Amino acid sequence: MRIVSGMRPTGKLHIGHYFGAIKNWINLQQGNETLFFVADWHALTTSYKNISDIRENTIQMLIDWIAMGLDPAKSIFFVQSHVKYHAELSLILGMITPKSWLELNPTYKDTKYNLLKIAHLEKEYKDTLKPLIDNISNITPHKIEDIEAFKKILAEDITDTFIKLLIEGIIDKGRLIELNISKRDFYETDTFGFFGYPVLMASDILMYNADGVPVGEDQLSHVEIAREIARRFNYLYKPFFKEPKAILTETPRLLGTDNRKMSKSYNNAIMIDETEEETSSKVLKMFTDPQKLRKNDPGRPEICNVFNYHKIFSQNEYLNIEDGCKSGKLGCVECKKILAKNLNMFLAPMREKRLSISKELIENLLQEGDRKANEIASENMKQINEILGL
Ligand code: SF4
């Protein structure tokens, strides 16, 4: 099978990337032809104002791909923007893609909503929500180890609601100013490129006539659009494209250390390249069962993020940990120390390997990968243009 998948150049990676994508990519390298690319044009669909790090992020991300276990000898690694045929195909496929398919794409709304949320979180928190949040924090007697983090989460929940109502049209856009959300910021996320990125993604996949695309659940709708576009092209002109199948990544849900989505920007991610001390310090600050206030209180591992991590990183011990937590024999500090040790053991080989990978090696790999990807893409593009009489 030919497998194609890509990742935006986010820079150094964290364990969420490993379990969410890379682990699956490593498995797929066995017995398949695999092409993995850096989706740098896709990065521009949402982060077009912040372009200074794209090149360095590309290099660092590839170092982590290899450190995590992807074998460069078994795959073609390339950069999307170095294969211009993606843009040519995207233009053509855009001609036959009904606008309604893109409007109905569920992730279009979600992504836009998240962008707005990030952009305005700080402002909302400082201006409108601070008094309210301070009040809630003051009357919450639970064990709150990090009051600032707690306030931030509260702020985010409230901001979520505002923005959701805004995007769904329940709140009139005329009230943007009232809500401390500037119109300019709102419309800056509403670009042609952002709206059309599923077409570009379809081009990335169809360019290589891929049989399969490994994706997380949140990307399923994009593969479905790619399949629909392929069907439409085949129906309108001539059967040429395969309908790529989504290969769903079965991934344990790993939240960040503060129970939010794991993200570098929240500083709640366990990074591959951080030191053991940094990892341990993040683990020791993790949120636990708020009802387990003292060491001997019985806990509820089923609702504790630390225990969720144990199920992945402490496979020989997690049943004992579950018992210890429930019976009150195990305290949270001790429990987190065990996790930090196991997590660092898991990451040690990746960290060691990372140190041995040079930027030059990555540059050379990309040069070779770009060449191979261009070879496949140019042959397919030639045939597509012939079909269209171009
Ligand atoms: S003992 Fe461990 S599993 Fe139980 S609440 Fe504390 S951190 Fe979570």
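Any read-out appearing in this document is the output of simple, stated calculations on the displayed coordinates, not a laboratory observation. What you see is a predicted model, and the numbers here were worked out from it, not measured in a lab. Cβ placement follows ideal geometry from the backbone for every residue including glycine, while neighbour counts extend to all protein chains displayed.
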Pairwise label distance in nanometres, I51 with Q383, each label 7 Å out on the Cα-Cβ vector = 3.4
Debye-sum result for the stretch 274-355 in log10 I(q)/I(0), which assumes one identical scatterer on each alpha carbon, at q = 0.23 Å⁻¹ = -1.03
Please work out the Cα center distance from the stretch 322-390 to the stretch 191-224, rounded to the nearest Å.
-> 20
Taking a threshold of 18 Å on the Cα-Cα distance, which of the pairs K285/K341; K282/K337; K99/K382; K292/K336 fall above it?
-> K99/K382
Please find the FRET efficiency linking N267 to M345, where r is the Cβ-Cβ separation and R0 is fixed at 22 Å, and quote it to the nearest 0.05.
-> 0.45
Simple spin-label estimate for E302 and K337 in nanometres, 7 Å along Cα-Cβ = 2.9
